[in-house]
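*Asks:* Below you will find the structure I want to go over with you.
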Amino acid sequence: MRQQIKLQSVCFQNKNLFFNMMDKYIYDLSGYEKTDVMNDGKFDISEFQKYLRSDKYKAFIIFFDCNPAGIVAYSRRFSGQGWIIDLTELFVMHRYRNKGISTYVISFLLSKLHGVWRVDFHPKNMVARIFWINFVDTYSDGKFKLLKNNKQRCYPDGTPSYTVIFQNIDANIKINT
C-alpha cells in the first residue's frame with residue numbers, strides 16, 4: 001500500500017486538532033526551550049491564535065495515511081526586493097519521523113512559495129539542526145547562510161537561534177552567501 005502525505009489548511013473547523021498538535025509540538029521543544037506547562041497541565045499555545053486571525057500567517061496540519069502526523073506553518077512578507085518566507089513551525093510526531101514527511105512538505109511549500117526563506121531552530125535541537133543544514137545544503141547546492149547565535153531571534157530560555165537563510169531556486173532575489 002502506498003503511503004500518502006496530505007496538508008490541510010488550518011481554519012476554525014479544525015482549530016482544536018491544530019491546537020492539540022501544537023501542544024505536542026511545544027512538549028517536544030520543551031526539552032530545549034525549558035518551557036513549563038500551565039496549571040491545567042497544557043502548554044500555553046495562545047500565541048498560535050495568529051494562524052487563525054491573520055493573513056500574514058499560514059498553517060497546515062500534516063496527515064500521513066489519513067492520520068494527523070504534525071504541523072507546518074510560515075509567515076510571508078514583501079520587502080523591497082521580493083518575498084521573504086519565515087518557516088515558523090515544523091513538527092512531525094515521533095511515530096512518523098524518518099519517513100520523508102518533512103522533506104516532502106518543505107519541498108511542496110518551496111514549489112509554491114518563491115522568495116528568500118528563513119528557518120530558525122534551537123542550537124540544542126540536533127534533529128532540527130541536522131535536518132535543516134542537510135536539506136538546505138542539498139536544495140540550494142550549498143548556497144545558503146547559517147547564522148549561529150542569532151541574537152535577533154531568541155528562544156523563551158534566552159538562547160539565540162541558529163538561522164538558515166536560502167533562496168528558493170525559482171526566485172529572483174539574491175542573498176549574500
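*Asks:* Can you find even one residue in the stretch 11-20 that is surrounded by 14 or more Cβ atoms within 10 Å (Cβ to Cβ), touching a strand residue (DSSP E or B) at 6+ places or on another chain (Cβ under 8 Å) and under 19 Å from residue 131 (Cβ atoms)?
*Replies:* no
*Asks:* Further, regarding this structure: How many of the residues in the stretch 119-177 are farther than 20 Å from residue 78 by Cα, of a type in the set (D, E, K, R) and either at pLDDT below 90 or in contact with a Pro (Cβ under 6 Å, 6 or more places away or on another chain) (or both)?
*Replies:* 2
*Asks:* Among the residues of the stretch 3-31, count how many are under 16 Å from the mean Cα position of the chain (by Cα), under 25 Å from residue 125 (Cα atoms) and touching a residue at least 40 places away in the same chain (Cβ under 8 Å).
*Replies:* Counting residues in the stretch 3-31 that are under 16 Å from the mean Cα position of the chain (by Cα), under 25 Å from residue 125 (Cα atoms) and touching a residue at least 40 places away in the same chain (Cβ under 8 Å) gives 8.
*Asks:* Would you check which residues across the stretch 1-24 are of a type in the set (Val, Ile, Thr) and assigned to a loop (DSSP other than H, G, I, E, B) and list them?
*Replies:* Correct list: 10 only.
*Asks:* Still on this structure, please answer the following. Is it true that residue 74 is under 12 Å from the mean Cα position of the chain (by Cα), crowded, with 19+ Cβ neighbours inside 10 Å and among the hydroxyl-bearing types (Ser, Thr, Tyr)?
*Replies:* Criteria met by residue 74.
*Asks:* Which ones in the stretch 21-38 are in contact with a Pro (Cβ under 8 Å, 6 or more places away or on another chain) and either modelled with pLDDT of 90 or more or hydroxyl-bearing (Ser, Thr, Tyr) (or both)? Talk me through it step by step, then tell me what you get.
*Replies:* Applying the first criterion (in contact with a Pro (Cβ under 8 Å, 6 or more places away or on another chain)) to the stretch 21-38 yields 21, 33-35.
Selection gives 21, 35.
*Asks:* Restricting to the stretch 35-68, give me the number of residues that are free of Cβ contacts under 8 Å to residues at least 40 places away in the same chain, in a strand (DSSP E or B) and either under 15 Å from residue 10 (Cβ atoms) or within 12 Å of the chain's Cα centre (by Cα) (or both).
*Replies:* Qualifying residue count, the stretch 35-68: 1.
*Asks:* What strands (runs of 3 or more DSSP E) lie completely within the stretch 77-177 and have 1 or more residues being touching a residue at least 40 places away in the same chain (Cβ under 8 Å), more than 23 Å from residue 30 (Cβ to Cβ) and in contact with a strand residue (DSSP E or B) (Cβ under 7 Å, 6 or more places away or on another chain)?
*Replies:* Working: elements: 82-92, 116-121, 144-154, 160-167.
Result: 82-92, 116-121, 160-167.
*Asks:* Taking the stretch 109-126, which residues are over 13 Å from the mean Cα position of the chain (by Cα) and surrounded by 14 or more Cβ atoms within 10 Å (Cβ to Cβ)? Reasoning before the result, please.
*Replies:* At the first step, the residues of the stretch 109-126 found to be over 13 Å from the mean Cα position of the chain (by Cα) are 111-116, 123-126.
If the condition is that a residue be over 13 Å from the mean Cα position of the chain (by Cα) and surrounded by 14 or more Cβ atoms within 10 Å (Cβ to Cβ), then 113, 114, 115, 116, 123, 124, 125 are the ones that fit.
*Asks:* Still on this structure: Would you point out which residue out of 32, 27 is surrounded by 13 or more Cβ atoms within 10 Å (Cβ to Cβ) and either of a type in the set (Asp, Glu) or farther than 22 Å from residue 64 by Cβ (or both)? First the steps, then the outcome.
*Replies:* Working: 27 fails: either of a type in the set (Asp, Glu) or farther than 22 Å from residue 64 by Cβ (or both).
Answer to the check: 32.
*Asks:* Checking residue 51 against (1) in contact with a Phe, Trp or Tyr (Cβ under 7 Å, 6 or more places away or on another chain); (2) at pLDDT below 95; (3) surrounded by fewer than 17 Cβ atoms within 10 Å (Cβ to Cβ); (4) of a type outside the set (D, E, K, R), which single condition isn't satisfied?
*Replies:* Unmet condition: (3).
The values are calculated or read from the model by the stated rules, or taken from the named source; none is laboratory data. Please read these numbers as outputs of a predicted model, since none were measured by experiment. Ideal geometry is used to build each Cβ from the backbone, glycine not excepted, and the neighbour counts take in all protein chains shown.
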